[in-house]
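*Asks:* Below is the structure I would like to discuss, written out as structure tokens.
What follows draws every value from the coordinates through simple rules; no lab data is involved. Computed from a predicted model, the values in this text were never measured in an experiment. Cβ: placed from backbone, ideal geometry, glycine included. Neighbour counts: every protein chain shown.
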Amino acid sequence: MTAVVLRPNESQDQLLKRFRKKVVKSGVLSTVRRKRWFISKSELRRVEKKKAIRRIKRRQFTHTGE
């Protein structure tokens, strides 16, 4: 669980900004979004394979453009 403590002379906005950064860094929201619906193992493998192919293509495209 992510928690932040109010520092001396820190505004509420700064505290909230620090909290949001910690939440993003911990990956809590992405985990919640991913687990929102059940995805079978086969579907998960298919999606991961598709992501990997897209990532490889993107790398090749950026390296050839130099």
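*Asks:* Sum -39500 (n - 2.57) across every DSSP H segment of at least 4 residues in the chain, then divide by the residue count to get the 222 nm mean residue ellipticity, nearest 500. Let's see the in-between values first.
*Replies:* Working: 3 runs with 46 residues, N = 66.
Calculated at 222 nm, the ellipticity per residue is -23000 deg cm²/dmol.
*Asks:* Along the charge dipole of the chain, pointing to its positive end and built from +1/-1 on Cβ of Lys, Arg, Asp and Glu, which listed residue (Leu44, Ser26, His63) has its Cα farthest out?
*Replies:* Leu44
*Asks:* Also, quick follow-up: Which distance in nm do the two modelled labels at Phe19 and Lys49 give, with both placed 7 Å along the Cα-to-Cβ direction?
*Replies:* Roughly 4.4 nm, to one decimal.
*Asks:* Could you please report the charge total around Val5, scoring K, R as +1 and D, E as -1 over all other residues with beta-carbon less than 12 angstrom from its beta-carbon? List each step's numbers first, then the result.
*Replies:* Values: positive: Arg7, Arg18, Lys22; negative: Glu10.
Once positives and negatives cancel, what remains is +2.
*Asks:* Can you pull a Stokes-Einstein diffusion coefficient for the chain at 37 °C (0.692 mPa s), Rh from Kirkwood over Cα pairs, as a whole number of µm²/s? Each step should come with its number before you reach the end.
*Replies:* Working: Rh = 15.6 Å.
D, rounded to a whole number, is 211 µm²/s.
*Asks:* Under 12 Å from the Cβ of Leu15, count the other residues' Cβ atoms, weight Lys and Arg +1, Asp and Glu -1, and hand me the total. Intermediate results must be reported in sequence, preceding the final value.
*Replies:* Numbers: positive: Arg7, Lys17, Arg18, Arg20, Lys21, Lys22; negative: Glu10, Asp13.
Every neighbour counted, the sum reads +4.
*Asks:* Compute the acute angle (0 to 90°) between the alpha-carbon long axis of helix 12-26 and the principal axis of greatest extent of the alpha-carbon atoms of the chain; round to the nearest 10°.
*Replies:* With rounding to tens, the tilt is 30 degrees.
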